[in-house]
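Right, one structure below, let's go through it.
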Amino acid sequence: MTRTATSFAVPPATLRLGDLEVTRFGFGAMRLPGKDVWGEPDDPARARAVVRRAVELGMNLIDTAWYYGPYVAHRLIAEALFPYPEHLVIATKLGGKRLPDKSWAAALRPEELRAGCEEDLRLLRRERLDVVHLRYVPADVPFAESLDAMIALQREGKIRHLALSNVSTAQLEEALARVPIVAVQNLYNLAGGLPGVPQEPHFEGESPDAVLDLCAARGIAFLPYFPLVMGQLGDSPALAAAAERHGATPAQLALAWLLARSPVMLPIPGTGSLEHLEENWAARTIALSPDEVTAIAASMR
């Protein structure tokens, strides 16, 4: 089930990341590599076709990370799109890495951030990165030390705009006192998080809405990751009923809810399927009333 209208039901249709203008709906590259975000996809040609189709549809923001694969997502993006369209914005993330057992780990030391930045530049074939998120997880490296390293890379001309990921309001305020931040990428979805996964300690019980509301007050784009609760949205009868009223799928309604929740919300759902890509993109045409936005959230949490 898809919709074909070309306009956004809930404005604005674009947001600014510093001096860059992007459509308020982007593409997340996390699903391009193979199972568990590891290794090559089963069908690399299809993965490249998905990336090209995202741009054809009108998405001019792609979110990726060198450790998706690792290296695989970056390479597929470059193979599909290089030389890049003039207005394409590629956002990357530093601060993480993959271990041989496929687990995820922090990589927040200055030398790790610098090495990751160099991998981004090499794999994406860029001389300067458009937007780079510092993804912070509790580690033995203080947030300020990692932020210093990112600022140094920006001053060297390797990064155009700085952004943050997985940060609290206190960390966002700390960063804003030092440097412009154009975007924040945090966990945010209808379920209020990931079922069964405890909140990370540096949030200190802070509501997911707190960072979003601070971003809205400061005019900073907010990119929600895991926007579809890892496929668990179909378990909600209330959401399914609301989707049926709008002639949409539960996933489409969840994305429409995000767009209606805040004017700075910029969803970046990922997929390796052309069908799901088209379906996700069509969600921007669904108009939800303020009462529906409140009622749908209440039914999920």
Report summary line: Within the stretch 7-54, residues being over 19 Å from residue 274 (Cα atoms), basic (Lys, Arg) and in contact with a Leu (Cβ under 8 Å, 6 or more places away or on another chain) number 1
**Report entry** Flag if residue 55 is under 21 Å from the mean Cα position of the chain (by Cα), of a type in the set (A, V, I, L, M), under 15 Å from residue 29 (Cβ atoms) and assigned to a helix (DSSP H, G or I)
**Finding:** yes
Query raised in the report: Which condition number does residue 165 fail, the rest of (1) under 25 Å from residue 299 (Cα atoms); (2) at pLDDT 95 or above; (3) hydroxyl-bearing (Ser, Thr, Tyr) being met?
Result: (1)
Requested in this report: For residues that are closer than 14 Å to residue 280 by Cβ and of a type outside the set (Val, Ile, Thr), tally how many sit in the stretch 4-55.
Outcome: 11
Report summary line: Restricting attention to the stretch 75-133, the residues that are within 18 Å of residue 26 (Cα to Cα) and small (Gly, Ala, Ser) number exactly 3
Query raised in the report: If we scan the stretch 24-40, do we find a residue that is of a type in the set (A, V, I, L, M), surrounded by fewer than 24 Cβ atoms within 10 Å (Cβ to Cβ) and either free of Cβ contacts under 8 Å to residues at least 12 places away in the same chain or in a loop (DSSP other than H, G, I, E, B) (or both)?
Result: no
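The values are calculated or read from the model by the stated rules, or taken from the named source; none is laboratory data. Every value quoted in this text rests on a predicted model; they were computed, and no experiment measured them. As a convention, Cβ positions derive from the backbone with ideal geometry for all residues, glycine included, and neighbour counts pool all protein chains shown.
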